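The values are calculated or read from the model by the stated rules, or taken from the named source; none is laboratory data. Quick caveat, the model's predicted, so the values are computed rather than measured. We place every Cβ from the backbone using ideal geometry, glycine too, and count neighbours over all the protein chains shown.
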Amino acid sequence: MNIIFTGGSGFIGLPIVKKLLDRGHHVRIIDLAKPEISHKNLDFVKKSILEDIHKDITGFDFLFHFAANIGVSFNDSHPLETMEVDLEGSAKVFKTAIKAGIKDMMYASSSEVYGNPRELPIKEDSIKGPVSSYGVAKLGSEIYANSYNQQFGANIKIVRFFNVYGPRQSIKFVVPIFITKALKNEPIPVYGDGSQARCYTYVDDAIDGALDVFDKGEKGGNYNIGNTHPTTVLQLAETIKEITKSSSEITVMGYGPETRLRKREVDYRIPSMEKMRTLGWEAKTRIREGAIKTADWIKKNL
Ligand SMILES: NC(=O)c1ccc[n+]([C@@H]2O[C@H](COP(=O)([O-])OP(=O)(O)OC[C@H]3O[C@@H](n4cnc5c(N)ncnc54)[C@H](O)[C@@H]3O)[C@@H](O)[C@H]2O)c1
């Protein structure tokens, strides 16, 4: 199969690209960043998804749309750019793909579409209420995807990742920030009061989940992909301090404009994995094991 992968140089995208290449597919990455690998069946187009990509994607069979501006601090300080790339960019990618004759796609969405959940665990059809420009952009992109599915018979599958972490993740995110601070014995800053619970999902589990949806997911279906074991931010800091044998202090910073806005915070986020279980997928890696693997990678690459 000939596959287009926007954002294929990224943290989650690249390991999926590698698996697709292992399966014998031809992959073209469209990204602003050059992929860290080369392969005879891989080519790379350095372009923004906001540019004209019609010629670059013509003749391909499947499109993964993973390119996005991500990260709370970037998204909060650049709301317009976030909406431009993460919402208008997605709409443009889907529309261009349909015009180029590609109907089968996968869109990387996020647990942020649910905002503060109205029920736990969060099911795919639970009420959505994003509390950030990023979450709004992700939900808007999903609505575009659904309308292309309905109006043009497209098959855009949606995966909603829940707090993915692991080797190669940018240092802007909580798990690598805590590990890096712990390894340097520097204070570990916990934003908010530390009681916020997340189901941190190890990257290998996330990519296997996405590939299961690619292989077996229902036409135009949407799937939560996440761990089901909640960990508070304080527990995360304590676990990382313990596994790195660090003498760092854990500093609870509270809420505020310099740390995290209270209205922007999601207190609990626990996904239902009922739908993914129907595809035979379940997250295998608990936070302690995943944090050890991530810390090993950071130690070698710091
Ligand atoms: N990491 C997570 O925990 C998580 C959680 C939920 C959803 N997601 C979604 O999964 C996808 C992949 O996330 P990731 O963690 O791999 O992020 P990442 O930042 O590592 O990868 C995103 C890639 O998109 C590229 N990109 C950004 N703007 C672009 C543009 N205008 N044109 C072309 N390429 C552009 C970047 O260069 C990068 O390689 C994103 O859509 C993200 O919203 C990630």
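General remarks:
- Only listed residue being at pLDDT below 95 and not in a loop (DSSP other than H, G, I, E, B), chosen from Tyr223, Tyr191: Tyr191
- Among (1) touching a Ser or Thr at 6+ places or on another chain (Cβ under 9 Å); (2) over 30 Å from Ile177 (Cα atoms) - the single one Ala33 does not satisfy: (2)
- Criterion applied to Gly192, Gly153 was being at positive phi and touching an Asp or Glu at 6+ places or on another chain (Cβ under 8 Å), and the one residue passing it is Gly192.
- Candidate set: the stretch 139-161, residues that are of a type in the set (S, T, N, Q) and assigned to a helix (DSSP H, G or I); chosen: the one surrounded by the most Cβ atoms within 10 Å (Cβ to Cβ): Ser141
Let's see how each residue does on (1) buried (at least 18 other Cβ atoms within 10 Å of the Cβ); (2) within 11 Å of the ligand (Cβ to nearest atom); (3) more than 23 Å from Ala295 (Cβ to Cβ):
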{"position": "Tyr165", "(1), (2), (3)": "yes, yes, no"}
{"position": "Phe173", "(1), (2), (3)": "no, yes, no"}
{"position": "Leu183", "(1), (2), (3)": "no, no, no"}
{"position": "Tyr191", "(1), (2), (3)": "yes, no, no"}
{"position": "Asp205", "(1), (2), (3)": "yes, no, no"}
{"position": "Phe214", "(1), (2), (3)": "yes, no, yes"}
{"position": "Gly217", "(1), (2), (3)": "yes, no, yes"}
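- Residue match in the stretch 49-58 (condition: within 19 Å of Tyr144 (Cβ to Cβ), of a type outside the set (A, V, I, L, M), touching a residue at least 60 places away in the same chain (Cβ under 8 Å) and more than 13 Å from the ligand (Cβ to nearest atom)): no
- Checking Asp22, Asp76 one by one, the residue that is on the phi < 0 side of the Ramachandran plot, among the charged types (D, E, K, R), surrounded by fewer than 23 Cβ atoms within 10 Å (Cβ to Cβ) and free of Cβ contacts under 8 Å to residues at least 12 places away in the same chain is Asp22 and no other.
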